Amino acid sequence: MIRFISLDMDGTLVNSRFVDLVWMEGMPRMYAERQGLGFEEAKEYVVSEYMKIGSDRLEWYDMQYWLDRFGLKASKGELLSAYEDHVEPYPEVQEALELLSERFELVVTSNAAREFIDIELEGFHDYFRETFSATSDFREVKKSPLLYGAVCRALDARPFEVLHIGDHYDYDYESPLQAGLDALFLDRAGKRSGSEVVGDLREAVELICGCA
Ligand SMILES: [Mg+2]
């Protein structure tokens, strides 16, 4: 019996535009200004520094680390709020959350840092009982089976009472299944098929409660 629906955030509720702008435009632009470089040159350097760290390390997700590393005085809030108008939820999100929240408790399980979650879910916070950040709350870079176990404990739920939905096959589908949760793989590109694959959240709602 499912009691909780856990949703990934980036690529599931919100597209990548905001995150891309913050990291690939905002950060390089500030670095360009500070160093007196052209934007493209600054971007090349900044991205090469990102790649030296890589997404397997916590620093990758840590905006303060990058501001410090590049010697930038701006606060995290300034950089994030400069682009907050570019947060773009997928079109069916509002309706899907409305329907799911009638029957289930909803949570978010994301690997984004807390400050990104706070901004990207602006307007949707009331739908969620809790939001979990793998990197900020659990100091984990990937959503491992252990992380899903920790989420279940935090909810005081048994794994089989939680269904997770997300757009990364390993971290949003295989991982929760390994932890004993139910899971749906959200494949917005429509490349996979199967009984637990959905193309958008409307399809997920149909599959879960037949009420879309
Ligand atoms: Mg995602």
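The values are calculated or read from the model by the stated rules, or taken from the named source; none is laboratory data. Just so you know, these numbers come straight off a predicted model, no measurement behind them. Please note: Cβ atoms are built from the backbone with ideal geometry, for glycine as well, and neighbour counts cover all protein chains shown.
Restrict the check to region 121-132 and report whether at least one residue is surrounded by 15 or more Cβ atoms within 10 Å (Cβ to Cβ), of a type in the set (Lys, Arg) and outside the structural domain of Met24 (by TED's automatic domain parsing).
Checked against the condition, which is being surrounded by 15 or more Cβ atoms within 10 Å (Cβ to Cβ), of a type in the set (Lys, Arg) and outside the structural domain of Met24 (by TED's automatic domain parsing), region 121-132 yields no hits at all.
Inspect all residues belonging to region 6-16 and state whether any of them is within 24 Å of Ile119 (Cα to Cα), within 20 Å of the chain's Cα centre (by Cα), more than 16 Å from the ligand (Cβ to nearest atom) and not hydroxyl-bearing (Ser, Thr, Tyr).
Taking region 6-16 as the starting set, the residues that turn out to be within 24 Å of Ile119 (Cα to Cα) are 6-16.
Of the ones still in play, those that are also within 20 Å of the chain's Cα centre (by Cα) are 6-16.
Then drop every residue that is not more than 16 Å from the ligand (Cβ to nearest atom), which leaves none.
No.
Just the residues that are over 17 Å from Leu21 (Cα atoms) and not in a helix (DSSP H, G or I), please, taken from region 39-69.
Gly54, Ser55, Asp56, Arg57
Are there any pairs, at least 6 apart or on different chains, whose C-beta atoms fall under 7 Å, with the first in region 78-98 and in contact (Cβ under 8 Å) with a residue 40 or more places away in the chain and the second among the β-branched types (Val, Ile, Thr) and not in a helix (DSSP H, G or I), and if so, which?
Val87/Val14; Glu88/Val14; Pro89/Val14
Between Leu67, Leu21, Leu80, Leu37, which is away from the ligand (no atom under 16 Å from the Cβ), modelled with pLDDT of 95 or more and touching a Leu at 6+ places or on another chain (Cβ under 9 Å)? First the steps, then the outcome.
Numbers: Leu21 fails: touching a Leu at 6+ places or on another chain (Cβ under 9 Å); Leu80 fails: touching a Leu at 6+ places or on another chain (Cβ under 9 Å); Leu37 fails: touching a Leu at 6+ places or on another chain (Cβ under 9 Å).
After ruling out the rest, the residue left standing is Leu67.
Would you check which residues across region 1-52 are farther than 30 Å from Tyr173 by Cβ and of a type in the set (S, T, N, Q) and list them?
Gln35, Ser48
Residues that are surrounded by fewer than 16 Cβ atoms within 10 Å (Cβ to Cβ), in the same structural domain as His168 (by TED's automatic domain parsing), of a type in the set (D, E, K, R) and under 19 Å from the mean Cα position of the chain (by Cα): does region 97-104 have at least one?
No, region 97-104 contains no residue that is surrounded by fewer than 16 Cβ atoms within 10 Å (Cβ to Cβ), in the same structural domain as His168 (by TED's automatic domain parsing), of a type in the set (D, E, K, R) and under 19 Å from the mean Cα position of the chain (by Cα).
For region 84-93, check the following and say yes or no: at least one residue is assigned by TED's automatic domain parsing to the domain that holds Asp8, surrounded by 15 or more Cβ atoms within 10 Å (Cβ to Cβ) and more than 21 Å from Val22 (Cα to Cα).
Checked against the condition, which is being assigned by TED's automatic domain parsing to the domain that holds Asp8, surrounded by 15 or more Cβ atoms within 10 Å (Cβ to Cβ) and more than 21 Å from Val22 (Cα to Cα), region 84-93 yields at least one hit.
List pairs: first residue in region 180-194 and more than 29 Å from Ala150 (Cα to Cα) and in the same structural domain as Ala96 (by TED's automatic domain parsing), second residue in a loop (DSSP other than H, G, I, E, B) and modelled with pLDDT of 95 or more anywhere in the structure, Cβ distance under 8 angstrom, at least six positions apart or on different chains.
Sorted first by the residue in region 180-194, then by its partner, the pairs are Gly190/Gly199.
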